[in-house]
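Presented below is the structure to which this report refers.
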Amino acid sequence: MDHPANIVTSQAAIVRALSTEELRRDYPWRYFGAQVENNSTTFRIFLPEATEVKLLREGNGWGKIYEPLERGGDRIWSITINENLTGAAYKYHIRNDHGYLPQPYDEARLDPFSFQVLSEASVSGGQVYNSVVSDHDKFPWTYQAPPRLRAPMSIYELHLGAFLEDNYRHIAEKIVDHVGYLGFTHVQIMPPFQTPIHSSWGYLVGTPYAIYNRHGSLEDFKWMVNHLHEHGLGVIVDVPLGFSIQDWSCGIACLDGTDLYHHAGPEGWNDQWHTRIYNHSSPYVRDYLTGICAYAHHELGIDGVRIDAVAAQIFKDYDRGMKTWERNNREQLSQEDWDLVNGLGGDCNFGDRGYWLSEAVDFPVLRFFREFHQRLSRVAPELFTIAEESRRIFPRLATPVAQGGLGFTYAQNMGEMHRVRKYLHRSTEERRIEEIESILLEHQEEVLVNAMNTHDECANGRLRLITELGNHIQLIGLAALCWFRPGAPMIFMGDEFCEEGWFDVDRYLDWGKTGPHAALHQQQTTNNFHDLNYILQRE
């Protein structure tokens with residue numbers, strides 16, 4: 001594989017050789033946003049319904065000097081400033097006089113292609129957010145990237161702030177010291193993108209291309225990835241591609257005064273999460289979402305992405321009850337739609353719910369994921385993807401598109417994790433091996449991520465594994481099951497040293513439970529994971 005410095009050079013050569021249309025579709029972050037070239041900076045933003053767009057920045061007194069963007073025939077607004085503005089803060093002032101919203105639309109908004117966002121306290125006590133001009137080509141990558149699908153793989157999931165509330169660089173050093181010693185091949189980082197809601201664990205994203213500024217700058221984040229790679233650790237990031245926050249001050253909802261990125265009406269809202277739902281039928285939105293993952297790979301050095309809440313995207317009825325989703329007409333489905341369902345495992349009737357699977361499937365999202373993987377195979381072929389899908393109704397999500405699947409590399413097996421833990425909750429006398437033997441014996445078409453635990457399973461009223469199971473012997477047995485069956489084993493941070501209680505972003509890991517002064521059962525459990533990874537890699 002190329003050295004990262006060569007990758008940057010080859011990427012720049014590829015970008016220069018592309019047509020404008022190819023650049024906008026496959027490398028949108030290299031076309032839209034603030035693009036620095038020599039001693040000029042060009043700002044471009046897609047706002048089809050805007051009637052006026054102005055650039056706001058310190059250099060023009062935040063709008064006191066009028067710097068209007070010009071609307072092109074393709075409804076892309078642009079302006080070029082004859083300065084290298086790397087590091088400068090900016091916004092767009094957007095007006096829409098077309099009356100889509102009940103009130104006049106006249107707002108200062110962030111760039112949807114912000115790579116860094118700065119926030120500061122306002123006079124009223126809230127937060128003011130500004131985009132920052134970034135230059136991706138100046139970071140000095142030094143690592144030799146690990147192989148694409150390093151096999152066998154074992155994954156350590158973590159939340160950056162709860163793992164260590166510090167700068168990305170210090171977090172990286174702690175990850176190498178701890179996770180590297182344990183022998184895991186990859187860390188899986190809960191969403192590291194800009195969010196105004198820290199308590200959301202990173203999943204309620206505001207600007208999807210921007211790195212979370214709580215732990216440092218874009219340069220700091222790249223240093224973290226570079227450092228992990230230098231020490232042999234691959235990096236996976238969680239990416240929400242189904243929803244984003246509804247906030248206007250730090251998000252992309254109603255960016256041009258219309259539902260540009262999201263569905264209009266009830267279809268565009270997730271009432272449980274209070275989020276906006278992306279419109280996957282829009283070609284521009286599909287480019288934008290696919291670009292997030294390609295960007296993470298090419299510019300941030302990310303090896304794999306875990307796509308969050310796939311079930312909530314591909315099933316209309318997921319967490320929405322019977323009132324807020326409209327059934328498909330099963331009798332009028334096209335042949336293309338039937339081929340999609342059959343390729344993924346076939347239709348079935350949910351007698352207890354009163355409808356067929358094909359009536360609840362969101363076909364535009366299924367088509368998006370197929371297109372997503374076909375495009376990534378061309379634009380970012382080294383990047384692997386993991387589907388976090390709790391229902392496991394379709395058995396072929398992690399099957400190549402050419403074979404009827406959605407194209408994911410791995411499926412995260414949430415259902416089997418729940419079955420095993422339910423089995424372990426019973427007393428020994430009440431357990432029946434038949435309840436879980438299919439996990440060991442059944443052939444799986446997909447390559448699975450076998451999670452012992454995830455952040456979801458030790459939060460929101462649930463407990464960590466050692467507290468739930470009662471002793472570390474059962475925890476070690478569960479680990480053996482995950483390690484010595486087909487697939488990639490995965491744990492959540494703290495399980496390896498018997499962290500107790502529950503997970504929350506403000507409940508930090510107790511590092512006093514590690515090292516020579518830890519309790520005997522904590523040392524035994526930590527050593528057990530070290531040994532499991534040692535055996536996995538060598539035998």
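The values are calculated or read from the model by the stated rules, or taken from the named source; none is laboratory data. Everything numeric in this text was worked out from a predicted model, so none of it was measured. Cβ sites come from the backbone with ideal geometry, for glycine too, and all protein chains shown count toward neighbours. Heads up: the accessible areas ignore ligands, DNA and RNA and are worked out on the full protein's heavy atoms, side chains in. Shrake-Rupley method; radii C 1.70, N 1.55, O 1.52, S 1.80 Å.
A few points about this structure:
- Estimated FRET transfer efficiency (Phe484, Tyr100; beta-carbon r; R0 60 Å; 0.05): 0.55
- Counting charges near Lys54 (Lys, Arg +1; Asp, Glu -1) among other residues having Cβ under 15 Å from its Cβ returns a value of -2.
- Computed as a quarter of the hull surface, the mean projected area of the alpha carbon convex hull for the stretch 142-242 stands at 6.4 nm².
- Lys138 contributes about 120 Å² of solvent-accessible surface, heavy atoms of the protein only, 1.4 Å probe.
- Environment charge of Asn84, counting only residues whose C-beta is closer than 14 Å and scoring Lys/Arg +1, Asp/Glu -1: -2
- Sorting the Cα pairs of the stretch 309-359 by distance into bins of 5 Å, from 0 upward, gives 4, 18, 28, 29, 16, 4 percent per bin.
- Each of Thr142, Thr409, Thr195 has its accessible area taken with a 1.4 Å probe; listed largest first, they run Thr142, Thr409, Thr195.
- Summary value for the stretch 377-477: 23 percent relative contact order, contacts being C-alpha pairs under 8 angstrom separated by 6+ residues.
- Considering the stretch 342-388 at the alpha-carbon level, its Rg and Dmax are found to be 14.5, 43 Å.
- Maximal additional length on extending the Asp177-Ser19 stretch stands at 52.4 nm, based on 0.36 nm per residue less the C-alpha distance.
- Summary value for the chain: 12 percent relative contact order, contacts being C-alpha pairs under 8 angstrom separated by 6+ residues.
- Computed from the alpha carbon positions, the gyration tensor of the stretch 188-227 leads to an equivalent ellipsoid with semi-axes of 18, 10, 8 Å, biggest first.
- For the chain, the longest principal axis of the alpha carbon atoms and the long axis of helix 283-300 meet at an angle near 70°.
- For the stretch 385-424, the Stokes-Einstein estimate of translational diffusion at 4 °C and a viscosity of 1.567 mPa s comes to 121 µm²/s, using the Kirkwood hydrodynamic radius over alpha-carbon pairs.
- Every Cα-Cα pair in the chain was counted, and those over 42 Å apart are 21% of them.
- The translational diffusion coefficient of the stretch 295-417, from Stokes-Einstein at 10 °C and 1.306 mPa s with a Kirkwood hydrodynamic radius over alpha carbon pairs, comes to 104 µm²/s.
- Rolling a 1.4 Å probe across all protein chains gives Trp269 an accessible area of roughly 90 Å².
- Charge tally around Phe243: other residues with Cβ under 10 Å, Lys/Arg +1 each, Asp/Glu -1 each, net 0.
- Cα long-axis angle, helix 414-425 against the chain (0 to 90 degrees, to the nearest 10): 40
- The chymotrypsin sites (Phe, Trp or Tyr not before Pro) of the stretch 420-488 that meet both conditions, a loop assignment by DSSP and at most 16 other Cβ atoms within 10 Å of the site Cβ, are Phe484.
- The stretch 311-394: trypsin sites (Lys or Arg not before Pro) falling in loop per DSSP and having at most 10 other Cβ within 10 Å: Lys323
- The stretch 483-539: proportion of alpha-carbon pairs further apart than 14 angstrom, %: 60
- Computed E for Ser334/Thr42 - FRET, C-beta separation, R0 41 angstrom, nearest 0.05: 0.45
- Approximating the spin labels as points 7 Å out from Cα along Cα→Cβ, the Thr467-to-Asp531 distance works out to 2.8 nm.
- Cβ-derived FRET efficiency at R0 30 Å, His170 paired with Glu83, nearest 0.05: 0.30
- Between helix 335-344 and the chain there is an angle of about 40 degrees, using the helix long axis and the longest principal axis of the Cα atoms.
- Loop-located GluC sites (Glu not before Pro) in the stretch 420-513, at most 11 other Cβ atoms within 10 Å (DSSP): Glu442
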